[in-house]
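Nothing in this text is a laboratory measurement; each read-out follows from the coordinates by a stated rule. Since the model is a prediction, treat every value here as computed from it, not as a measurement. Cβ coordinates were reconstructed from backbone atoms using ideal geometry, including for glycine residues, and neighbour counts include every protein chain displayed.
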Amino acid sequence: MLKGINKLLTGDLLKILCDMGHGDELVIADANFPAETCAQRLIRIPDADGVKVAEAVLSVFPLDTYSEHVALIMDLTDSDKEKHFPIPTIWADYEKLCGQPLGKLERFEFYERAKRAYAVIQTGEERQYGNLILIKGVVLAEKKVHGHVRGAEYYRNLPHVTETSDDEAPPW
């Protein structure tokens, strides 16, 4: 066990997430997704739903800021649209986690994109249309603030602090 790391993030999964590069894609798949057929690398987390897995992944996974959509879902099939299938509630959950609107892919386009994805995590999610593709972004370089290394997010939230060199850093 590690402190501060969601226990759904196993060593194997953390390695995959770490090995991924900018623009690589990760599929979080529901229990009915043909993961074995599509996956280049497959991790199974059958005891958790898609939202819990996405939340765990996004706790360490930067989303791409250069793509039109940082995340994509499988759109309803035409036949489900004709039957007035309700909008899946899981989509709102995924959108909230990602912090922006999700892109939609037609079912077979989603499968083809999943085949090219770096990895697939198959969850125990039983709700239909519980599939999500996340596009990896970059982790920004850490900056020195008053002689102390601070992560980029911390630094961005301190607008009154200016970057200094080690020579200019206060003595504390």
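Descriptive notes on the structure:
- Of 115/136; 3/96; 7/115; 81/104; 7/104, those spanning more than 19 Å from alpha-carbon to alpha-carbon: 3/96; 7/115; 7/104
- Positive minus negative residues near residue 66 (Lys, Arg vs Asp, Glu; Cβ under 14 Å): -3
- Ranking of 123, 65 by neighbouring Cβ atoms within 10 Å, starting from the fewest: 65, 123.
- Contact order relative to length of the range 30-115, as percent, for alpha carbon pairs under 8 angstrom and 6 or more apart: 40
- Listing 118, 129 from fewest to most neighbouring C-beta atoms within 10 Å gives 118, 129.
- Loop-resident sites, the range 1-95, for chymotrypsin sites (Phe, Trp or Tyr not before Pro), counting at most 12 other Cβ within 10 Å (DSSP): 66
- Remark: the residue 126-residue 106 segment gains 5.2 nm on full extension, using 0.36 nm per residue and subtracting the alpha carbon distance.
- Subtracting the Cα-Cα distance of residue 83 and residue 18 from their residue separation scaled by 0.36 nm leaves 19.2 nm.
- By other beta-carbon atoms within 10 Å, ranking 5, 43 with the fewest at the front produces 5, 43.
- The label point for residue 113 and the one for residue 142, both projected 7 Å from the Cα toward the Cβ, are 3.4 nm apart.
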